[in-house]
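A quick write-up on the structure given underneath.
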Amino acid sequence: MRRYSKATFGREVVMFLVAIVFVFPIYVLVNMSLRPANDQGSPLLPPTEVTFDNYAQAWTQAGLGAALINSVTVAAASVALIVAVSSMAAYPLARLTSRLSSVLFWIVLAGLMVPFQVALIPLYQTMRDLGLLGTVAGLVLFYTGSQVPFSVFLYTGFLRTLPQDYEDAASIDGAGMFRTFVSVIFPLLRPITGTVVILNAIEVWNDFLVPLLYMSGTPRQTVTVALYQFVGEYVSNWPVVFAGLVISIVPVLTVYFIMQRQIIKGFAGGLKG
């Protein structure tokens, strides 16, 4: 047993201060969501009067029920496609040692270096010509294409840390490359898959610009766009906005707490490789 020392006390103080830094925005968010609209007090101080009407107003006036369903649909479909495409693309890139596979890997990574804002207008015109504007399928296609390079990078790094003994055994049993991937390799990718899922889910869930552009003028709005109606040029109902934000982060936090063990394993294994 190690004795409790001054160094240990110092580390605990530092960790406590770091925890305060991360918890402080959540405190402000919840604090602002519980105060009346006419309360002009400091966001650092508790409200003089606690009200839950902001949550009811955000849910009804912003149509958060339908918006949550749309956001869940877009996030779930996008993440499922990202996982499927990225894992299958990363497998040959990680296992084949030819010069072509190396070139293809760097071509995929080039997608990380190009800001999607540069291609917003051409992509918008393409979506319009394909009849995908205002549709969930258009958003899913956009997010899948934009997030695949980063996910391939994570999967490739993790795959390079896995020994090939399992694949050799499957090959001896007569399994082909696709069957080996589905039955042997993909189950071993569970830790990094958890990381890919949560990172992409957060990115898709919190995005505001793309749904605003591609779903504008349609009733199928995501949560971020639905809450934007409470923000105006002259008057903004911030307590209702903060209440809606609290509602919107509950699904993401739930997924994170369920998959936090896989996320930590994925970062420790995948990024190390």
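The values are calculated or read from the model by the stated rules, or taken from the named source; none is laboratory data. These figures come from a predicted structure and were not determined experimentally. Neighbour counts run over all protein chains shown; Cβ positions are idealised from the backbone, glycine included. The area values use the complete protein model at the heavy-atom level, side chains included, leaving out ligands, DNA and RNA. Shrake-Rupley method; radii C 1.70, N 1.55, O 1.52, S 1.80 Å.
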Quick one: which of 17, 45, 100, 29 is of a type outside the set (Val, Ile, Thr), in a helix (DSSP H, G or I) and over 30 Å from the mean Cα position of the chain (by Cα)? 100
Suppose we filter segment 193-203 for residues that are of a type in the set (A, V, I, L, M, F, W, C), closer than 15 Å to residue 71 by Cα and open to solvent by less than 10 Å² (accessible area, probe 1.4 Å); how many remain? 1
Please count how many residues of segment 106-139 are in contact with a Leu (Cβ under 8 Å, 6 or more places away or on another chain) and not in a helix (DSSP H, G or I). 1
Which listed residue is in contact with a helix residue (DSSP H, G or I) (Cβ under 9 Å, 6 or more places away or on another chain), under 29 Å from residue 255 (Cα atoms), hydrophobic (A, V, I, L, M, F, W, C) and surrounded by 13 or more Cβ atoms within 10 Å (Cβ to Cβ), from 93, 68: 68
Restricting attention to segment 179-194, does a residue exist that is assigned to a helix (DSSP H, G or I), at pLDDT below 85, more than 21 Å from the chain's Cα centre (by Cα) and among the small types (Gly, Ala, Ser)? yes
Checking residue 50 against (1) open to solvent by less than 60 Å² (accessible area, probe 1.4 Å); (2) touching a Leu at 6+ places or on another chain (Cβ under 7 Å); (3) of a type in the set (Val, Ile, Thr), which test does it fail? (1)
Selection status of residue 36, closer than 15 Å to residue 238 by Cα, at pLDDT below 85 and open to solvent by 50 Å² or more (accessible area, probe 1.4 Å): no
